[in-house]
Amino acid sequence: MPLQAAATAEGAVQLRGTGEGPPVLLLGAPASVAPLAAALEPRFRVLQTDAAEPAPADIAAALAEAGAERLGIVAAGREAVTALRLALQLGEAVESLVLLSPGLPGDTGLGEQLNTLAAPVLCLFGTREENGPPLRAWRQAVPVCHVVLVFDATAAMAAERPEAVASVAGDFLRRRDQFIVSGQPARLHP
């Protein structure tokens, strides 16, 4: 269901919104993030664009027209760069940022700008990712960066393990830096 459109040089960026709750922008290839969107919808209003690799400025315009003043962002794979650029552009309007297998921070082209992110960042990596996840690199590049490994997952964790990803990402989106401190003992999706 279209939520809002923003005019751009190439046309319009449409935002679709499903679910109930605080807004979360989900960036990634629609087929690969669809299971994650479904897992997040009971707790969040999941916003997605209809454009392939939309520009951060176009997304920001659509979010402004939709009235999304504060939101969380979840981005899979190479859309992490778009999410980081959007978070830098929107500043404190982005309450939290979740990056799924974002690659190396040096590959973002953002360099020292990563030090200025206003939002806390959670990087999720799969335990079966090729070449091993760059955990230390992200912790050093971003001042408030948490790293969590998703058991038995590759970089395609949004499709492979959507419930596990939604559980950790959902807690982080709601509780930000306090997400890891739980008041209840629980087993996290084996």
Query raised in the report: Once all Cα-Cα distances of segment 61-136 are split into 10 Å bins that start at 0, what whole-number percent is in each one?
Result: 18, 52, 24, 6, 0
Report summary line: One would report the antiparallel percent of DSSP beta bridges in the chain, rounded to the nearest 5, as 30 percent
Requested in this report: Identify which of ALA66, ALA83, ALA75 has the largest mean-square fluctuation in a Gaussian network model of the chain, with springs joining Cα atoms closer than 10 Å.
Outcome: ALA66
Query raised in the report: So how strong a dipole does the chain carry about its Cα centre when Lys and Arg Cβ are +1 and Asp and Glu Cβ are -1, to the nearest 20 debye?
Result: 500 debye
Requested in this report: With unit charges on the beta carbon (Lys/Arg positive, Asp/Glu negative), name the residue among GLY67, LEU104, PRO134 whose Cα is farthest towards the positive pole of the charge dipole of segment 1-156.
Outcome: PRO134
Report summary line: Relative to the chain, whose Cα atoms define the longest principal axis, helix 56-66 and its Cα axis are tilted in degrees, nearest 10, by 70 degrees
Report summary line: Quick note on PHE179, PHE125, ordering by fewest other C-beta atoms within 10 Å, gives PHE179, PHE125
Query raised in the report: Can you sort LEU86, LEU114 by how many other beta carbons sit within 10 Å, fewest first?
Result: LEU114, LEU86
Query - On Cα atoms only, tilt of 30-40 relative to the major axis of the chain in degrees - result: 70 degrees
Report summary line: The exposure ranking of VAL24, VAL147, fewest beta-carbon neighbours within 10 Å first, is VAL147, VAL24
Query raised in the report: Can you give the convex hull volume of the alpha carbon atoms of segment 66-188 per residue, in Å³?
Result: 111 Å³
Report summary line: For segment 20-66, one quarter of the surface area of the C-alpha convex hull, expressed in nm², comes to 3.3 nm²
Query raised in the report: Mean separation of Cα pairs under 8 Å and 6+ residues apart, divided by the residue count of the chain: what relative contact order is that in percent?
Result: 18 percent
Query raised in the report: Taking 0.36 nm per intervening residue step and subtracting the Cα-Cα distance, what contour gain separates SER167 from LEU104 on full extension?
Result: 20.3 nm
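Here, each number is a calculation from the coordinates, and none is a lab measurement. None of the values given here were measured: they were computed from a predicted structure. When we count neighbours, we look across all protein chains shown, and the Cβ atoms used for this are built from the backbone with ideal geometry, even at glycine.
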